[in-house]
Amino acid sequence: KNLINASYVDEHLRSLDSRVKEKGLLFLCEMGLDPGIDHISAMKLFAEIEQSGGIITSFKSHCGGLVAPESDNNPWHYKITWNPRNIIMAGRDGAVYKKDNAIINVDYKHIFEHGEPITVNGLAPMTWYPNRDSHKYIDLYNLHSIDTFLRTTLRYPSFCIGWNSFVNLGLADVDDKKLIQDSKSFNDWFAAKKTSKQNIVVEDQTLIAELENFLDIKRSSPLPTNATCSADVIQFLFEEKLNMEPGDKDMIVMLHEIEFTRDNKKYKTTSSLIVKGSEHGRTAMAKTVGLPLGIAAELILNNKIKVTGVQIPVHKEIYIPALKKLAEEGIIFHENTEEIS
């Protein structure tokens with residue numbers, strides 16, 4: 001059978017490529033939001049720039065699932081709109097990207113400290129952290145001579161400052177079962193973590209204290225009975241304090257930044273997308289992950305896709321009709337190109 005999913009292609013799936021092709025099937029992966037809509041929107045821009053004679057020198061793609069401003073009422077400036085375990089585990093494998101022709105490797109302890117400010121269409125300033133292995137997409141996007149290639153996740157600055165502190169304190173550790181067993185309360189656990197990490201430099205002590213207090217992390221009550229590691233404890237606190245409330249809206253923000261040269265001049269194209277959820281519980285996250293999957297299913301059922309094997313949506317026969325269908329559903333990118341010095 002054909003397969004469509006919104007998840008990253010792992011090595012096991014990739015190893016099936018020849019067998020999938022032999023059977024004339026398509027395993028279309030990374031067909032959600034990020035990865036997914038980011039691929040199809042970027043491929044359209046690359047094609048247009050290259051057809052006009054442009055040579056792409058830099059690509060930065062940013063995407064985040066955030067809380068909408070009108071529903072933002074906590075110091076983390078974040079609420080859970082997708083799998084909470086994935087939020088807790090984010091960045092654990094580090095990141096790889098290319099910057100000014102250098103390959104940058106970032107380990108887990110430093111993932112959340114490198115972001116630069118980004119403003120999109122009048123929203124409050126955001127920041128980013130590097131997302132997994134960006135470098136592997138250079139070949140998939142056929143941008144072999146590019147100088148800078150970076151894929152990131154967007155958050156508001158307070159989240160990255162707070163999570164950077166939590167990661168370096170070991171509050172998201174997965175291998176500290178004995179500490180959990182020995183801790184009689186949240187406060188015992190938290191105090192033990194802080195004692196073991198006395199040399200950690202905190203970026204903004206006042207903000208960190210506010211974030212900790214919001215989670216009520218020093219409470220005297222017992223740890224969750226099903227907690228086997230610190231990551232379980234933090235996930236419990238996040239699900240308790242950062243859940244979407246009735247009437248809340250989430251928000252998806254995506255931004256592509258592409259620099260290219262043409263006729264000895266340098267240009268920058270930006271392409272931005274903002275999608276908000278409804279008050280009735282239909283989240284922007286569900287919409288932007290689910291619609292591309294439905295669109296892909298329709299294209300396959302109507303025999304509109306001829307490519308086979310294990311693929312991601314970087315083929316014109318996929319991304320052109322998918323973008324058209326997304327636009328009909330109100331998922332529309334706003335693009336701007338200007339000459340830069």
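Here is how the numbers come out for the structure above:
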quantity	calculated
Table column - 3J(HN,Hα) (Hz), the range 111-127, Karplus curve with 6.51, -1.76, 1.60, x for Gly and Pro	4, 8, 10, 9, x, 10, x, 9, 10, 10, 6, x, 6, 4, x, 10, 9
Lys99 long-range amide H proximity, modeled H, under 5 Å	Ile104, Phe149
Relative contact order computed over the range 63-150 (Cα-Cα under 8 Å; 6+ residues apart), in percent	27
Whole-percent pair-distance distribution, where bins are 5 Å wide, for the alpha carbons of the range 98-166	3, 15, 24, 21, 17, 14, 6, 1
Pair-distance profile P(r), taking every C-alpha pair of the range 180-252, with 10 angstrom steps and integer %	16, 44, 29, 10, 0
Max mean-square fluctuation residue, GNM over the chain, Cα-Cα springs under 10 Å, options Gly91, Gly281, Gly122	Gly122
Dipole of the chain, positive direction: furthest Cα of His62, Ser183, Ile300, with charges on the beta-carbon	Ile300
Total charge dipole magnitude, the range 89-215, about the Cα centre, Cβ charges on Lys, Arg, Asp, Glu only, Debye to nearest 20	240
Nonlocal amide H pairs with Leu3, under 5 Å, H built at 1.01 Å	Leu26, Phe27, Leu28
Extension gain (nm, one decimal) between Leu3 and Ala47, 0.36 nm per residue minus Cα-Cα	13.2 nm
Percentage relative contact order, the range 188-323, counting C-alpha pairs under 8 Å, at least six apart	14
Net length gained if the chain between Thr261 and Glu239 were fully extended (0.36 nm per residue, minus Cα distance)	3.3 nm
Contour excess over end-to-end distance, with Cα ends at His114 and Lys184 and 0.36 nm allotted per residue	21.6 nm
Cα-based equivalent ellipsoid of the chain: semi-axis lengths in Å, sorted from largest, via gyration tensor	37, 23, 20
Selection from Asn131, Ser145, Asn5, by position along the positive dipole direction of the range 1-157 (Cβ)	Asn5
Kyte-Doolittle mean at least 0.0, axial Cα span of 20 Å or more - DSSP H helices of the chain	37-51, 284-301
Candidates Asn101, Asn121, Asn264, ranked by Gaussian network fluctuation over the chain, Cα under 10 Å, top entry	Asn264
Accessible-area composition of the range 50-115, carbon plus sulfur, in percent [1.4 Å probe]	49
Per-residue HN-Hα couplings for the range 67-79 [Karplus 6.51, -1.76, 1.60; θ = phi - 60°; Hz; x = Gly/Pro]	8, 5, x, 6, 10, 8, 9, 9, x, 6, 6, 7, 9
Within the accessible area of the range 214-261 (1.4 Å probe), percent carbon and sulfur	46
Semi-axes of the equivalent ellipsoid for the range 149-290, Cα gyration tensor, largest first, Å	37, 22, 13
Unsatisfied cross-links (Cα-Cα over 23 Å) in the set Lys109/Lys184; Lys98/Lys287; Lys98/Lys266	Lys109/Lys184; Lys98/Lys287
Built amide H within the under 5 Å cut-off of Ile118, gap 5+	Met126, Thr127
Reciprocal mean inverse distance between Cα atoms of the range 47-168 - Kirkwood radius, Å	15.7
Spacing of the two label points (7 Å from each Cα toward its C-beta) at Lys197 and Asn336, in nm	3.9
Charged-residue dipole, Cβ positions (Lys, Arg, Asp, Glu), the chain about Cα centre, Debye nearest 20	740
Test item: Cα-centred dipole of the range 21-170, Lys/Arg +1 and Asp/Glu -1 on Cβ, debye	340
Computed [θ] at 222 nm, helices only, for the chain once each DSSP H run of length n ≥ 4 contributes -39500 (n - 2.57)	-10500 deg cm²/dmol
GNM result for the chain, Cα springs below 10 Å: residue of Ser271, Ser145, Ser41 fluctuating most strongly	Ser145
Residue-normalised accessible area of the chain, given per residue in Å² at a 1.4 Å probe	48
FRET efficiency estimate (nearest 0.05) - Cβ-Cβ, Asn213 to Ile103, R0 56 angstrom	0.90
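The values are calculated or read from the model by the stated rules, or taken from the named source; none is laboratory data. Just so it is clear, the model here is predicted, and its values are computed rather than measured. Because the Cβ atoms are built from the backbone with ideal geometry, glycine has one as well, and the counts that use them run over all protein chains shown. Note: accessible area is taken over every heavy atom of the protein model, side chains too, but ligands, DNA and RNA are not part of it. Shrake-Rupley method; radii C 1.70, N 1.55, O 1.52, S 1.80 Å.
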